[in-house]
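There's a structure below that I have some questions on.
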Amino acid sequence: MLHGVIERILDAQTVWADPLGKLFVAIFAALYKPVPVIKDLLHGVWLGHPLHPAITDVPIGAYVVALVLDLSGQRAAATAAIGVGIVFMLLAALAGYADYIDLEGKTRRFGTVHSSLMLVALVLYLVSFLMRLGAVPSPAEVWLSVIGFLIVISSAYIGGELVYNLGTQVDRHAWRGGGTKWAALDVTEIPADKPVKAKAGAQTLVVVRRGSALEALHDVCAHQGCSLSEGKLVDGTIECGCHGSRYRLRDGLVVRGPAVFDQPHYEVREAEGKFEVRRTDTR
């Protein structure tokens, strides 16, 4: 019920959220995309897990601590906690915008509202922090941090909706089972150096012939579900045509984001003019 209410509220924000989202994407795409190494670092490709949610717990925890310290009258300690929260909030924002620039439609709208609220909260905390550096305490510095905390929690809820209800930054193969049996492919020809889409039972694969070797990955990109067979081959990898994620053909390892999860890999054999596959990683 609450999800439906939030969704209707956010859908009504198209007047400002969609144009603002386009502006955010233009700005951060111009910053991140020319340097893929930085973008991959911020996505969390090296971590095997999205980096943004791994950082966000730190500022939220710091702000909770600051709130408790303020209530107990420990101004200096609360100021230090807010300082920590601000630093890690900025780091979380850098990682979050790396993921954000690949969002589209409703997910981008949710992401725009989420990030906008966090920016408002960040400004409130910055003002509160600067006021706290003064010698004379002010009730305003506490109220600014309280309001900022309420906005952070509200925005975090929207971030949860973005992940858990809209499925952004989740592994598209998390529940896909594996098996040891060979399954026949529904293709009889696989030309060299060209991605070929094929079915093996209920699974849709992309198959590539490189010299005498045959390689196969699941066709659904782990990032946002695009078809890898519509992508291109680049130096022993296949690049998704939607957002540029690259997976190594020989084992499905992700080598470039925005994907952070590996792609299911399949062994291929040819016998009597037929092709068969079986998954090499059964998880």
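Bear in mind that the values in this text are calculations on the coordinates, not laboratory data. Every value quoted in this text rests on a predicted model; they were computed, and no experiment measured them. Note that each Cβ is placed from the backbone with ideal geometry, even for glycine, and that neighbours are counted across all protein chains shown.
For the chain, find the longest principal axis of its Cα atoms and tell me its angle to the long axis of helix 105-132, 0 to 90°, nearest 10.
Long axis of 105-132 versus the principal axis of the chain: about 30 degrees.
In nm, what is the difference between 0.36 nm times the number of residues separating ILE38 and VAL123 and their Cα-Cα distance?
Extra length available between ILE38 and VAL123 comes to 28.1 nm.
In the structure shown, do any of LYS33/LYS232; LYS232/LYS274; LYS39/LYS197; LYS39/LYS181; LYS181/LYS274; LYS199/LYS232 have a Cα-Cα gap over 27 Å, and if so which?
From LYS33/LYS232; LYS232/LYS274; LYS39/LYS197; LYS39/LYS181; LYS181/LYS274; LYS199/LYS232, over 27 Å: LYS39/LYS197; LYS39/LYS181.
About the Cα centre of the chain, what is the dipole size in debye to 20, counting +1 per Lys and Arg Cβ and -1 per Asp and Glu Cβ, all else neutral?
Roughly 160 debye for the chain.
Sticking with the crude label model, points 7 Å out along Cα→Cβ, report the distance from ASP57 to LYS274 in nm, one decimal please.
Spacing of the two 7 Å Cα→Cβ label points: 5.0 nm.
Expressed in nm to one decimal, what extension gain is obtained for the pair SER212 and LEU253 from 0.36 nm per residue of sequence separation less their Cα-Cα distance?
In short, 12.7 nm is gained.
Can you put ARG269, ARG75 in order of Cβ neighbours within 10 angstrom, beginning with the fewest?
Arranged by neighbour count, lowest to highest, ARG269, ARG75 become ARG269, ARG75.
Would you work out the charge dipole size for segment 135-283 about its Cα centre, treating the Cβ of every Lys and Arg as +1 and the Cβ of every Asp and Glu as -1, and quote it to the nearest 20 debye?
The dipole of segment 135-283 has a size of about 300 debye.
State, to one decimal in nm, how far the label point of ASP193 lies from the label point of VAL170, with both points 7 Å from Cα in the Cβ direction.
4.0 nm
Now, a different point. Under 8 Å for C-alpha pairs, at least 6 residues apart: give me the relative contact order for segment 157-283, rounded to a whole percent.
Once normalised by length, the contact order is 24 percent.
Would any residue of segment 38-71 have its amide N under 18 Å from a label point 7 Å out along Cα→Cβ of VAL84? List them or say none.
Hits in segment 38-71 for VAL84 at 18 Å: 54-71.
For an R0 of 41 angstrom, estimate the FRET efficiency from the Cβ-Cβ distance between ILE147 and LYS22 and round to the nearest 0.05.
With a Förster radius of 41 Å, E is 0.90.
Right, something else. Which entry in (i) 46, 18, 16; (ii) 41, 20, 17; (iii) 35, 21, 18 matches semi-axes √(5λ) of the Cα gyration tensor in Å derived from the coordinates of this structure?
Read-out from the structure maps to (i).
Now for a separate question. With a 10 Å radius around each residue's Cβ, average the other Cβ atoms per peptide and rank 134-147, 251-264, highest first.
Sorting 134-147, 251-264 by mean packing, highest first, produces 251-264, 134-147.
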